[in-house]
Amino acid sequence: MIKKVLPLSLIVALRFFGLFIVLSVLSNYAKELPGGTAFLAGLALGGYALTQAVLQVPFGVMSDKFGRKKTLLFGLLLFAFGSAVAAIADNIYILLLGRFLQGAGAIGSVVTAMIADQVREDERAHSMAIMGMVIAMSFAAAMIIGPVIAGIWSVSALFWLTGALALTALVILFTAVPEPPHIEHHYSEEEAKIKEVFKDKDLVRMYITFLFHSSTMAIAFFIIPIVMKSKFDMTRMEYWKVYLPAVLFGIIAMAPAAILGEKYGKGKEIFVVSVLFIIASFALMGFSSNFWLFATGATFFFIGFNMFEPLLQSFVAKFAKVHQKGAALGVANTFSYVGIFLGGAIGGWLYGHYQEQGVAIAVMVLCIFWILWILGMRNPALRANLFLSTDIFDENKLAELKNIEGINDFYTNKTEKTIVIKYESEVIDEDTIRGMMLK
């Protein structure tokens with residue numbers, strides 16, 4: 001499994017490293033460019049997410065229809081081109097154009113769908129956790145390296161590095177990523193339409209969770225560097241003093257979150273605890289005039305944010321049917337990027353009018369609604385997977401499962417000669433399904 005997941009995780013990590021490396025310094029840089037304002041700086045921070053949001057679903061659907069690798073090639077080239085435009089920007093508007101072009105390479109859902117293709121259902125949580133950990137390490141490195149490179153050279157140098165990393169990801173794609181297994185689906189043309197991914201209430205709850213999760217991230221990355229400079233008079237070279245411990249504690253928090261959420265079925269509880277950390281973080285960052293309390297707030301944010309990371313993509317993959325994975329993950333990532341765009345724009349507007357205190361109050365109110373939303377979600381652990389060998393069980397009987405209560409999805413992995421059935425463990429048991437599928 002590691003050999004299948006690691007190359008794809010590296011592709012995602014390189015791309016996210018390119019995005020993360022500018023987050024720690026971008027809001028101040030954009031505000032100081034010719035034409036820059038607090039609102040436009042917020043748009044620059046979250047601008048890439050607007051085109052990401054628009055194109056995530058088309059990219060996901062394209063990958064389902066035309067192939068994952070071709071779609072990734074197109075997306076990474078767009079991202080590299082946008083990075084070059086942002087690097088040469090000499091005013092806020094060219095920077096915005098570059099950020100929008102960066103976002104046009106909307107490959108996040110495609111890579112996640114590729115991992116879902118390559119890995120068995122019962123190993124998917126582990127694979128998503130591996131991807132989350134690799135992304136988290138790239139995130140940690142970006143938070144430390146970004147301010148240093150920007151301080152020694154310039155923010156433009158960060159964008160050139162971002163473009164180079166996108167091209168490096170292309171090399172990995174065509175040299176280390178295996179071809180996916182051949183999957184035989186059992187669904188009608190009507191079931192393949194994009195509207196179908198909105199019929200599962202739990203999927204919809206995950207989409208909104210993606211929205212809240214990413215919007216708070218964008219707001220945090222908008223105010224953290226601004227407050228570090230305006231309230232504590234820190235230079236870019238000193239940002240690591242806040243980011244390094246925050247990122248390290250965030251990474252440490254991921255492992256227990258993944259174990260409790262996946263192995264012990266406590267995903268909802270982990271989500272609620274994560275949001276409580278985010279509430280505490282904004283209370284400290286927004287209202288504290290003490291540096292150590294502010295730094296503690298930043299650390300709390302990274303802990304709360306990172307606890308979500310190993311679970312979000314995995315839960316969407318669990319709820320989605322096999323032929324909808326690309327589209328469902330595309331929708332989830334669309335909501336995520338809409339959240340980033342809105343978080344950057346709204347955060348910039350709120351800061352311009354009400355300073356960090358107004359931003360903190362708005363986020364804490366949002367988080368209360370977020371917790372209520374999470375509490376209405378069903379436990380993903382109730383959705384189980386059954387793997388049956390085609391040597392013993394009859395794949396021709398799969399059509400009979402379509403109207404059986406408790407059966408969510410089924411397909412045949414022709415490469416591994418395996419029938420995969422996703423079912424509700426509280427409604428129907430494994431032995432009953434086995435009995436129905438015997439030759």
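Nothing in this text is a laboratory measurement; each read-out follows from the coordinates by a stated rule. Keep in mind the model is a prediction, meaning the values are calculated, not measured. Cβ coordinates were reconstructed from backbone atoms using ideal geometry, including for glycine residues, and neighbour counts include every protein chain displayed.
Give the shape of the chain as rounded, prolate or oblate, defined through the alpha-carbon gyration tensor: a ≥ b ≥ c are the square roots of its eigenvalues, a/c under 1.5 means rounded, and otherwise the shape is prolate if a/b is larger than b/c and oblate if not. Here the chain falls in the prolate category. Relative to the longest principal axis of the Cα atoms of the chain, the long axis of helix 325-375 makes an angle of roughly 20 degrees.
In terms of its C-alpha gyration tensor, the range 264-347 has an oblate overall shape, because the principal axis ratio a/c (a ≥ b ≥ c, square roots of the eigenvalues) is not below 1.5 and a/b does not outweigh b/c. Note on the range 371-408 and the range 14-87: Cα centroid distance 36 Å, given to the nearest whole angstrom.
The charge dipole of the chain, taken about the Cα centre with unit charges on the Cβ atoms of Lys, Arg (+1) and Asp, Glu (-1), comes to about 680 debye, rounded to the nearest 20.
The angle between the Cα long axis of helix 92-104 and the main principal axis of the chain comes to about 10°, on a 0 to 90 degree scale. Taking amide H positions as modeled 1.01 Å from N, with prolines and chain starts lacking one, the residues under 5 Å from M234 and 5 or more places away or on another chain are K229.
Taking the average, over residues, of other Cβ atoms within 10 Å as the packing measure, peptides 357-369, 425-437 rank 357-369, 425-437 from highest down. Sorting 155-167, 203-215 by their mean Cβ neighbour count within 10 Å, with the most densely packed peptide first, gives 203-215, 155-167. Under 8 Å for C-alpha pairs, at least 6 residues apart: give me the relative contact order for the chain, rounded to a whole percent. Once normalised by length, the contact order is 24 percent. Using θ = phi - 60° in the Karplus curve 6.51 cos²θ - 1.76 cosθ + 1.60, the 3J(HN,Hα) couplings for the range 391-396 round to 6, 10, 10, 8, 5, 5 Hz; x is entered for Gly and Pro. Using Cβ point charges alone (K and R +1, D and E -1), the dipole size of the range 376-439 about the Cα centre works out to roughly 200 debye.
For the chain, find the longest principal axis of its Cα atoms and tell me its angle to the long axis of helix 124-152, 0 to 90°, nearest 10. Taking Cα atoms only, the helix is inclined about 20 degrees.
Judged by the mean number of other Cβ atoms found within 10 Å, the most tightly packed of the peptides 299-311, 60-72, 385-397 leads the ranking 299-311, 60-72, 385-397.
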